[in-house]
Amino acid sequence: MRRLRQSYNTYSVGCAVAWAAILGALAALGEKEKVRRVLPVCGGWWMGWASATIARSVYPPPKSRPRAGREGVRARLHDDRG
């Protein structure tokens, strides 16, 4: 169950439900002016989501690097100064 909650697909479906609820509530309340103001925000958010989704599928995840301990950082700083 934990893996399901952490998946990108679950996140995407949750976002779609949230935006549908926001827009649906505003429309149901008859707030046409607010819907007109919120709709471009919703569209912009989805454009950003689409861009991130494409980037996630095209670019590989970053390679992990070994962590340098405190002494490693100090040694490199000391070596650079001479």
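For region 7-14, the criterion of a residue being loosely packed, with under 12 Cβ neighbours inside 10 Å, assigned to a loop (DSSP other than H, G, I, E, B) and under 14 Å from the mean Cα position of the chain (by Cα) is satisfied by at least one position.
Could you please let me know if Leu4 is at pLDDT 90 or above and in contact with a helix residue (DSSP H, G or I) (Cβ under 8 Å, 6 or more places away or on another chain)? Considered against the rule, which asks whether it is at pLDDT 90 or above and in contact with a helix residue (DSSP H, G or I) (Cβ under 8 Å, 6 or more places away or on another chain), Leu4 comes out as no.
Say we look at region 34-59 and pick out the residues that are among the hydroxyl-bearing types (Ser, Thr, Tyr) and surrounded by 10 or more Cβ atoms within 10 Å (Cβ to Cβ); which of these is farthest from Cys15 (Cα to Cα)? Step by step, filter region 34-59, then rank; the result is Ser51.
The values are calculated or read from the model by the stated rules, or taken from the named source; none is laboratory data. All values derive from a computational prediction rather than experimental measurement. Cβ atoms come from the backbone with ideal geometry, glycine included; neighbour counts cover every protein chain shown.
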